[in-house]
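Only one structure is covered here, and it is reproduced in the block below.
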Amino acid sequence: MKQSRKTSLRYCPLLYLFLIVGTHSALAQTDIDGIMMSKKNLCIGPMYGYSSWKNYWEGTLKRENLNLGTVSSQMYSVMGAYGVTDKLNILFSAAYVRTKASAGTLHGMKGFQDASLWAKYVPLEKKIGKGDLSIIGLAGVSAPLSNYVADYLPLSIGLRSKTLSLRAMADYQVGKLFATLSGTYVFRDNIKIDRDAYYTTEMHNTNKVEMPDALSFNFRAGYRHNDIIAEAFLDNWTTLGGFDITRNNMPFPSNKMNATRLGANVKYHTPNLEWLQLVVNGSHVIAGRNVGQSTSINAGLFIVFSVAKKQVPDSSPKKVQQ
């Protein structure tokens with residue numbers, strides 16, 4: 001896509017960390033935009049995220065818990081993207097998470113959470129009507145960076161499940177306006193917890209927990225040009241299985257956890273500093289099940305540069321033309 005190629009010189013396709021800070025802290029690490037890095041260009045930088053909630057859904061019942069007060073999470077991450085070719089990118093991220101409850105006796109947790117690695121490929125670019133269509137495929141894996149406790153919800157920093165994600169994306173741009181639609185299937189590995197028995201809808205005499213897979217859908221639309229990308233987005237995370245939190249009980253890693261978010265995202269750089277990129281986004285959970293109604297803000301600063309070897313000028317004597 002012509003305009004996408006043009007902006008790819010300045011903007012990086014980042015791995016946004018969708019922290020479903022509900023009655024749990026489950027992390028879905030997915031790439032969500034139609035931007036590609038140019039060949040042998042690297043984008044890397046830190047990102048900070050803050051999310052908090054007071055009300056949450058216990059099953060389908062929306063309520064608050066005075067023993068928790070406001071539950072908040074802070075995320076410190078390093079993210080990056082590298083252009084192997086103009087049509088093949090490698091994306092990566094690693095996160096450190098800190099959680100806290102403003103009331104009650106439960107202590108927050110902190111530590112290195114998960115790392116992820118994605119491959120992003122553009123098999124098709126085609127002119128359709130007045131715009132350009134790009135079909136993009138992605139495959140990614142994630143794994144815990146530390147042996148953090150998963151069975152301490154809602155203050156766990158993650159669910160400690162290894163994942164494999166497959167994503168399909170369509171990006172269509174007309175002039176400076178664009179729309180992107182994507183869907184992801186997330187395979188989640190089973191986990192082990194620090195107890196020998198637990199109850200879901202039945203008794204389990206084991207420390208192994210079967211984690212249900214999940215689906216994620218994302219739609220975003222907005223303005224994309226040389227100096228700025230501004231977009232609104234709507235996304236949904238749906239757990240394919242699990243069970244509801246029982247009344248006044250603690251959540252569990254294999255709960256059914258669904259969330260729909262509405263948000264906005266801006267990427268910007270000044271014309272004089274094309275190698276420096278600012279990213280700011282915010283979102284709010286508008287519907288959910290066994291998750292908190294969280295509001296999140298994220299900000300990051302990234303540098304974009306070429307790692308290609310510079311050609312050395314040929315200083316050998318030249319034959320003089322007669």
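Would you mind stating whether C12 is under 28 Å from D171 (Cα atoms), at pLDDT 65 or above, of a type outside the set (K, R) and not in a strand (DSSP E or B)? Before you say what the answer is, go through the steps one by one.
Numbers: under 28 Å from D171 (Cα atoms): yes; at pLDDT 65 or above: yes; of a type outside the set (K, R): yes; not in a strand (DSSP E or B): yes.
Yes: the conditions hold for C12.
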N255 being surrounded by 14 or more Cβ atoms within 10 Å (Cβ to Cβ), closer than 19 Å to G158 by Cβ and touching a residue at least 24 places away in the same chain (Cβ under 8 Å): yes
Test set (1) in contact (Cβ under 8 Å) with a residue 60 or more places away in the chain; (2) out of contact with any Leu (no Cβ under 8 Å at 6 or more places or on another chain) - R261 fails condition number: (2)
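Inspect the range 294-310 for any residue being free of Cβ contacts under 8 Å to residues at least 60 places away in the same chain and loosely packed, with under 15 Cβ neighbours inside 10 Å and give the result as yes or no. Explain how you work it out, then say what you get.
From the range 294-310, those free of Cβ contacts under 8 Å to residues at least 60 places away in the same chain are 309-310; that's our starting set.
Those still in the list that are loosely packed, with under 15 Cβ neighbours inside 10 Å too: 309-310.
Yes - at least one qualifying residue is present in the range 294-310.
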Failed item in (1) at pLDDT below 95; (2) at positive phi, with D31 passing the rest: (2)
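Can you pull out every residue in the range 157-196 that is of a type in the set (K, R) and closer than 23 Å to W118 by Cα? It would help to see each step written out before you state the result.
Step one: filter the range 157-196 for residues of a type in the set (K, R), giving 160, 162, 167, 176, 188, 192, 195.
Selection gives R160, K162, R167, R188.
The rows are residues; the columns are (1) of a type outside the set (F, W, Y); (2) in contact with a strand residue (DSSP E or B) (Cβ under 8 Å, 6 or more places away or on another chain); (3) closer than 20 Å to F92 by Cβ.
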| site | (1), (2), (3) |
| --- | --- |
| L153 | yes, yes, no |
| L164 | yes, yes, yes |
| L177 | yes, yes, no |
| T184 | yes, yes, yes |
| K192 | yes, yes, no |
| R195 | yes, no, no |
| M203 | yes, no, no |
Filtered residue count, the range 205-233, keeping only those that are in contact with a Gly (Cβ under 8 Å, 6 or more places away or on another chain) and surrounded by fewer than 20 Cβ atoms within 10 Å (Cβ to Cβ): 6
Members of the range 167-198 found to be farther than 16 Å from N255 by Cα and hydroxyl-bearing (S, T, Y), listed by number: Y172, T180, S182, T184, Y185
Checking N218 against (1) in a loop (DSSP other than H, G, I, E, B); (2) under 15 Å from the mean Cα position of the chain (by Cα), the condition it does not meet: (1)
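With the structure loaded, tell me whether D114 is of a type in the set (D, E) and either touching a Lys or Arg at 6+ places or on another chain (Cβ under 7 Å) or without any contact (Cβ under 8 Å) to a residue 60 or more places away in the chain (or both) or whether it fails that test.
Details: of a type in the set (D, E): yes; either touching a Lys or Arg at 6+ places or on another chain (Cβ under 7 Å) or without any contact (Cβ under 8 Å) to a residue 60 or more places away in the chain (or both): no.
Judged against the criteria, D114 is not a match.
Among the strands (runs of 3 or more DSSP E) lying completely within the range 53-168, list those that include at least 2 residues that are surrounded by 15 or more Cβ atoms within 10 Å (Cβ to Cβ). Show your work before the answer.
Numbers: elements: 55-58, 61-64, 71-83, 88-101, 110-128, 131-144.
Where strands (runs of 3 or more DSSP E) fall fully within the range 53-168 and carry at least 2 residues being surrounded by 15 or more Cβ atoms within 10 Å (Cβ to Cβ), they are 55-58, 71-83, 88-101, 110-128, 131-144.
Scan the range 185-201 and tell me whether some residue there is of a type outside the set (V, I, T), crowded, with 21+ Cβ neighbours inside 10 Å and within 15 Å of the chain's Cα centre (by Cα). Quick ask: steps written out before the conclusion?
First, the residues of the range 185-201 that are of a type outside the set (V, I, T): 185, 187-190, 192, 194-199.
Within this subset, residues satisfying the condition of being crowded, with 21+ Cβ neighbours inside 10 Å are 188.
Remaining after also requiring within 15 Å of the chain's Cα centre (by Cα): none.
Within the range 185-201, none of the residues are of a type outside the set (V, I, T), crowded, with 21+ Cβ neighbours inside 10 Å and within 15 Å of the chain's Cα centre (by Cα).
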Subset tally (residues that are at pLDDT below 95 and aliphatic (A, V, I, L, M)) for the range 215-229: 2
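The values are calculated or read from the model by the stated rules, or taken from the named source; none is laboratory data. All values reported here derive from a predicted model rather than from experimental measurement. With ideal geometry, Cβ positions are generated from the backbone for all residues, glycine too; neighbour counts draw on all protein chains shown.
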